[in-house]
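**Student:** Pasting a structure here, questions to come.
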Amino acid sequence: MHIDPLEKKWVYVALGIVGLLTSIITIDALFHNINAPSNVETIDSASAHLSKEFAEDNLGVQTEKDGTLTVRMIAGRYGFFPRHIAVPADTPITFRWVSIDVIHGVHVPMTNLSTMILPGYVAQVTTTFPKPGEYPMLCNEYCGMGHDHMWSNLSVVAKEHWSAPTSNPATGGTSK
Ligand code: CUA
């Protein structure tokens with residue numbers, strides 16, 4: 001088969017570019033420790049709601065022993081539970097979600113909060129909300145007939161108006 005030398009050159013150039021981009025992505029991922037957003041922490045989805053961490057009483061906003069805030073939520077057809085949470089603005093908040101059934105996605109419009117929630121994994125995201133306001137927390141992965149109605153409410157409260165939830169002796173932290 002005859003290949004024009006000029007065409008051959010361009011094939012090498014194209015392959016070279018592909019190789020260069022692939023190595024940049026690989027090296028960058030290795031150096032910056034980029035992982036799947038699920039932070040690769042596994043959990044048994046079928047019994048997640050019975051687990052210590054994601055039992056009903058532990059859901060919602062909690063102040064950890066070191067003073068940081070963690071929000072634990074369960075995603076299931078069709079809602080994020082608890083249905084409403086309030087968090088302070090300008091404060092780093094770590095969200096932890098588990099799905100008790102299928103793949104869901106969680107997305108808060110106008111913020112950078114967006115991740116998939118895969119059954120069997122804990123999806124964890126740490127973010128800060130600069131602007132107080134009422135936000136919807138939507139599901140953005142098709143999960144069934146009720147997908148369109150799968151959403152919860154997130155209130156971002158000005159820091160000075162937010163008070164930590166009351167103490168919960170069962171967890172050593174606090175919960176709401
Ligand atoms: Cu959950 Cu779509």
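**Student:** Given the options Gly60, Ser155, Phe81, identify the residue whose Cα lies farthest towards the positive end of the charge dipole of the chain (+1 on Cβ of Lys, Arg; -1 on Cβ of Asp, Glu).
**Tutor:** It is Ser155, whose Cα lies furthest towards the positive end.
**Student:** With an 8 Å Cα cut-off and a minimum separation of 6 or more residues, compute the relative contact order for the stretch 49-166 in percent. Provide the component values of the computation, followed by the final result.
**Tutor:** Values: 277 pairs, mean separation 32.1, N = 118.
RCO, the stretch 49-166: 27 percent.
**Student:** Could you size up the charge dipole of the stretch 42-107 around its Cα centre, putting +1 on the beta carbon of Lys and Arg and -1 on that of Asp and Glu, and report it in debye to the nearest 20?
**Tutor:** Values: 6 positive and 8 negative charges, 27 e Å.
Magnitude of the dipole: close to 120 debye.
**Student:** Something else: At q = 0.10 Å⁻¹, what is the log10 ratio I(q)/I(0) for the chain, with the Debye formula run over Cα points and no solvent?
**Tutor:** Log10 of I(q)/I(0), two decimals: -0.48.
**Student:** Which of the chymotrypsin sites (Phe, Trp or Tyr not before Pro) across the stretch 17-111 are loop residues per DSSP, with 14 or fewer other Cβ within 10 Å? Write down the numbers at each step before the final one.
**Tutor:** On the way: sites: Phe31, Phe54, Tyr78, Phe80, Phe95, Trp97; in loops: Phe54, Tyr78.
Qualifying residues, ordered by number: none.
**Student:** For the stretch 1-141, with every protein chain kept in place, what is the accessible area per residue (1.4 Å probe, Å²)? Numbers along the way, then the final one.
**Tutor:** Working: 8430 Å² over 141 residues.
Ligands and nucleic acids excluded, the figure is 60 Å² per residue.
**Student:** Trypsin sites (Lys or Arg not before Pro) within the stretch 1-99: which are DSSP loop residues with at most 13 other Cβ atoms inside 10 Å? Could the numbers behind the result be given before it?
**Tutor:** Values: sites: Lys8, Lys9, Lys52, Lys65, Arg72, Arg77, Arg83, Arg96; in loops: Lys52, Lys65, Arg77, Arg83.
Sparse-neighbourhood loop trypsin sites (Lys or Arg not before Pro): Lys52, Lys65, Arg83.
**Student:** Let me ask something else about it. Take the solvent-accessible surface of the protein heavy atoms, probe 1.4 Å, and return the percent of it on the chain that carbon and sulfur atoms account for. Intermediate values should be presented prior to the final figure.
**Tutor:** Numbers: 6670 of 10660 Å².
For the chain, the apolar C and S fraction of the accessible surface comes to 63 percent.
**Student:** To continue, here is another question. List the aspartates and glutamates whose Cα sits under 14 Å from the Cα of Lys52, skipping any in the same chain fewer than 8 residues away.
**Tutor:** Asp44
**Student:** Let me ask something additional. Cα-Cα pairs above 15 Å in the stretch 94-153: how many percent? Spell out each step's value before the answer.
**Tutor:** Numbers: 870 of 1770 pairs.
Tail fraction, whole percent: 49.
**Student:** If you take the alpha carbon radius of gyration of the stretch 46-109 and divide it by 2.2 N^0.38 Å, what ratio comes out, to two decimals? The partial results should precede the final answer.
**Tutor:** Working: Rg = 12.0 Å, N = 64, 2.2 N^0.38 = 10.7 Å.
For the stretch 46-109, the normalised Cα radius of gyration comes out at 1.13.
**Student:** Between Ile74, Ile85, Ile24, which gets the highest mean-square fluctuation from a Gaussian network model of the chain, Cα cutoff 10 Å?
**Tutor:** Its mean-square fluctuation being the largest, the pick is Ile24.
**Student:** Place a +1 charge on the Cβ of each Lys and Arg in the chain and a -1 charge on the Cβ of each Asp and Glu, then give the dipole magnitude about the Cα centre in debye, rounded to the nearest 20. Before the final figure, lay out the partial values.
**Tutor:** Details: 11 positive and 16 negative charges, 25 e Å.
Roughly 120 debye, rounded to the nearest 20.
The values are calculated or read from the model by the stated rules, or taken from the named source; none is laboratory data. These numbers were taken from a predicted model, which means no experiment stands behind them. Here the Cβ is made from the backbone with ideal geometry for all residues, glycine too, and neighbour counts use every protein chain on show. For the accessible areas, the whole protein counts, side chains as well, though only heavy atoms, and no ligand, DNA or RNA atoms are used. Shrake-Rupley method; radii C 1.70, N 1.55, O 1.52, S 1.80 Å.
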